[in-house]
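Following: one structure in structure tokens, then a few remarks.
The values are calculated or read from the model by the stated rules, or taken from the named source; none is laboratory data. A quick note: this is a predicted structure, and the numbers were derived from the prediction, not measured. As a convention, Cβ positions derive from the backbone with ideal geometry for all residues, glycine included, and neighbour counts pool all protein chains shown.
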Amino acid sequence: MNPTRKKSRFYYKHIGDLRKDLREAIPADLLRELHQPRPWRHFFTLGRQIVLLALGLWMAASFDAIWLWFPGSVIAGFVIFDFTVLLHEVVHHAVFTTRRSFAYAVLGWLYALPSGISRTQFTHWHLDHHNELGSWTDDPKRSHLTPRTVKRWVKLLYMTPALFPIYFRAAARETAGYPPELKSKIAFERKITIGLHLTAIALLLTFAGPWLFFKVYAVPYFFIFPIAFTINRAGQHYSINPGDPAQWSTLMKGSWFWDFVYLNSNYHLEHHYYPAIPFYNLPRLQQALKPFYRARGMRYETYGGVLYGWFILNRAPHADWSQPPRDASGPQDIHSAMSETLFP
């Protein structure tokens, strides 16, 4: 949790008997098994992602026909986003069977580098998100990253290069209250990651030319990464039941395609229930929780469904999308969404 601000641990103060209900829903031996990290699974996935990244960059660099280079750029952009998913595993110490501080530090740098973020900032941001889930003020994702105006053009900005100033502005607002030593560490890490990106840009432009730079760097980072980010985020906490803390994350239906594309980060509800369960065990966790979901009257969403609700119906974030919209265009400001929550 953020060591500076006195936050409330909002989620844990409002979940009631949820932990007990979950324990009763899953046999203890299965839960222990699901929590057991298998490092070879993690590093096999890492190797696969590196191969996919190399394939995507090779396709983008080798061909000039758009139907050949553009798919490579798409692959590269999604793989770059997925390094943030692997960074989640580092944050929750879900890679190794024992605490290995040096190894986790190395992996944190490796996984933060592709997106240009600070591993320390991401760690505090993400743990605060877990602890403060449901709060409009203390959850950094909801407070700083959720669109403040519920209009389609604002939402669409998140799928463009505008995502980067939006995200870094949100991160700056959250870190403003951090102690000086922590802010200095974050600033140092960000200088390193962004400096390496600027160096790569300069080398590509100087020695490869603008066209190659456009295909292998600009398109994956500035155009595909924001799309991957926005699709993934739409399936996290936008369609929820504010009256039930068990449904403060979106229940996404498992899909072999999205499981592969997003490294199982589409099981975001299950991740909030048990953050230390490695990503490769989350589909099994969802299967084990099916009776729990049925008993609670929970409904599955798909990415097609949440994107339709988010963009076409213009639904408010962090609200109950099983209910009809208030009007044809949906709420027009964040306060309309807040009024629908149990704990605004």
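Return the residue satisfying two criteria in turn: it lies in the range 238-279 and is charged (D, E, K, R) and assigned to a helix (DSSP H, G or I), and of such residues it is nearest to LEU52 (Cα to Cα). So the residue we want is ASP259.
Kindly indicate whether any position in the range 106-121 is more than 19 Å from VAL85 (Cα to Cα) and surrounded by fewer than 17 Cβ atoms within 10 Å (Cβ to Cβ). Step through it out loud before you land on a result.
First, pick out the residues of the range 106-121 that are more than 19 Å from VAL85 (Cα to Cα): none.
No: zero hits.
With respect to (1) more than 22 Å from VAL90 (Cα to Cα); (2) within 15 Å of the chain's Cα centre (by Cα); (3) free of Cβ contacts under 8 Å to residues at least 60 places away in the same chain, the lone exception for MET159 is condition (3).
Looking at the structure I just gave you, is ARG299 among the basic types (Lys, Arg) and either over 22 Å from ARG48 (Cβ atoms) or assigned to a loop (DSSP other than H, G, I, E, B) (or both)? Step through it out loud before you land on a result.
Details: among the basic types (Lys, Arg): yes; either over 22 Å from ARG48 (Cβ atoms) or assigned to a loop (DSSP other than H, G, I, E, B) (or both): yes.
Taking the combined requirement at face value, the residue satisfies it.
For PHE222, the requirement of being in contact (Cβ under 8 Å) with a residue 60 or more places away in the chain, closer than 20 Å to GLY72 by Cα and surrounded by fewer than 17 Cβ atoms within 10 Å (Cβ to Cβ) is met. Going residue by residue through the range 305-318, is there one that turns out to be of a type in the set (D, E, K, R), in a loop (DSSP other than H, G, I, E, B), closer than 23 Å to ASN266 by Cβ and at pLDDT 95 or above? Yes; the residues of the range 305-318 include at least one that is of a type in the set (D, E, K, R), in a loop (DSSP other than H, G, I, E, B), closer than 23 Å to ASN266 by Cβ and at pLDDT 95 or above. Exactly one residue among ASP333, ASP244 is closer than 22 Å to ASP138 by Cβ and at pLDDT below 95, and that residue is ASP333.
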